[in-house]
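**Student:** Structure incoming, see below.
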Amino acid sequence: MVEAPIAAAGRHSSDSEFRPGPILLLGAPGVGKGTQAKKLMEAWKIPQISTGDLLRSHVEMGSHLGREAKAIMDRGELVPDDLVNQMVAQRLSEPDTAAGYMLDGFPRTLGQANWLDSYLAARPGTLAVIAVSIQVGYNQLLRRITGRRVCPVCSTIYNIYLQPPRVDEVCDRDGTKLVRRSDDTEKVFEERMRAYQSLTAPVIEHYRSLGRFAEVNGEQAVEAVTSGIMAAIAKLRG
């Protein structure tokens, strides 16, 4: 695990000269990856690049790549890496990516990671991808997922283990009975964990072997996790 002084994170987050570069934020379901991605994007004024969003955008625009992708999806087939890579390459050529960006859903496979490394290496002055994994224990993740309850009226989210309502299973704001989402079950969680581990294990080992990987303790307060991630990124870029 990379441990760097929290002060380093604050210094670099406010330093206009610091370039975070391409960041791949990894984490199992329930680690708070989405929350942390938003905080890093705000701190460094960098965009998030989601392959899912890119694919939808190209299809909606009816671009050449979008038409190709739609034809493939209409046949019930998966969009091949080559097509996804072309969409990513096009997005990375846009000016808002100059200082860095958060990668979401890409690279998902070892093949995509190798392509991205080669693509960036061929662009002078471009930083390489670094990967940071948010680590939370299995039992803690299970409590975060299976304990989640939502108010169907005001959409307030509770957790019966970690942030329970004042009255069991009842919303504090409007007294409505809380509900559990259909996918917030142990069975679904186990399936998602297996899928995550099988997909990301080769990608993690790839960046670890290159010395461009760090782990951060995700069982801290949100701000402490953010500081830990920023310090890890500063150290990897040092």
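**Student:** For region 29-142, what log10 I(q)/I(0) values come out of the Debye formula at q = 0.16, 0.21 1/Å, with one point per alpha carbon and no solvent?
**Tutor:** For region 29-142, the Cα-only Debye profile gives -0.87, -1.25.
**Student:** Starting from the amide H of Gln48, placed 1.01 Å from N in the peptide plane, find each other amide H under 5 Å away whose residue is 5 or more places distant or on another chain.
**Tutor:** Residues meeting the amide H criterion: Met102.
**Student:** Name the trypsin sites (Lys or Arg not before Pro) in region 68-103 that are in a loop by DSSP and that have at most 11 other C-beta atoms within 10 Å, would you?
**Tutor:** Details: sites: Lys70, Arg75, Arg91; in loops: Arg75.
Hits after loop and neighbour filter: Arg75.
**Student:** Turning to a different aspect of this structure: Within region 134-233, which trypsin sites (Lys or Arg not before Pro) sit in a loop by DSSP and count at most 16 neighbouring Cβ atoms inside 10 Å? Kindly include the intermediate steps, with their values, before the conclusion.
**Tutor:** Values: sites: Arg143, Arg144, Arg148, Arg149, Arg166, Arg173, Lys177, Arg180, Arg181, Lys187, Arg192, Arg194, Arg208, Arg212; in loops: Arg166, Arg173, Arg180, Arg181, Arg212.
Loop-located and lightly packed - Arg166, Arg173, Arg180, Arg181.
**Student:** Next question, about the same structure. Given q = 0.11, 0.12, 0.16, 0.18 Å⁻¹, what are the Debye log10 I(q)/I(0) values for the chain, with equal point scatterers placed on the Cα positions and solvent ignored?
**Tutor:** These q points yield log10 I(q)/I(0) values of -0.68, -0.79, -1.22, -1.36.
**Student:** Each residue of region 97-107 in order: what ³J(HN,Hα) in whole Hz does its phi give by Karplus 6.51 cos²θ - 1.76 cosθ + 1.60, θ = phi - 60°, with x for Gly and Pro?
**Tutor:** 9, 4, 7, x, 6, 9, 8, 10, x, 7, x
**Student:** Compare the Cα positions of Pro29, Ala89, Leu55 along the charge dipole of region 22-146 (+1 at Cβ of Lys, Arg; -1 at Cβ of Asp, Glu; about the Cα centre) and return the one farthest towards the positive end.
**Tutor:** In region 22-146, that residue is Pro29.
**Student:** Something else: What's the longest bit of the chain with no exposed GluC sites (Glu not before Pro), using DSSP loop states and at most 16 other Cβ atoms within 10 Å as the test? Write down the numbers at each step before the final one.
**Tutor:** Details: sites that count: Glu3, Glu17, Glu77, Glu169, Glu219.
Answer from the scan: 78-168.
**Student:** Sticking with this structure for a sec: Just want the answer: with Cβ charges of +1 for Lys and Arg and -1 for Asp and Glu, which residue in Cys154, Thr185, His206 is farthest toward the dipole's positive end in region 146-237?
**Tutor:** His206
**Student:** Sequence gap of 8 or more, or different chains, plus Cα separation below 23 Å: how many lysine pairs satisfy both in the chain?
**Tutor:** Numbers: Lys33/Lys45; Lys33/Lys187; Lys33/Lys235; Lys38/Lys235; Lys39/Lys235; Lys45/Lys235.
Within the chain, the lysine pair count is 6.
**Student:** Sticking with this structure for a sec: Treating only the Cβ of Lys, Arg, Asp and Glu as charged (+1, +1, -1, -1), what charge dipole size does the chain show about its Cα centre? Round to the nearest 20 debye. Please list the in-between numbers first.
**Tutor:** Numbers: 29 positive and 28 negative charges, 51 e Å.
For this selection, approximately 240 debye.
None of the figures in this text is laboratory data; all of them are computed from the coordinates on show. Note that the structure is predicted; figures quoted are calculated from it, not measured. Because the Cβ atoms are built from the backbone with ideal geometry, glycine has one as well, and the counts that use them run over all protein chains shown.
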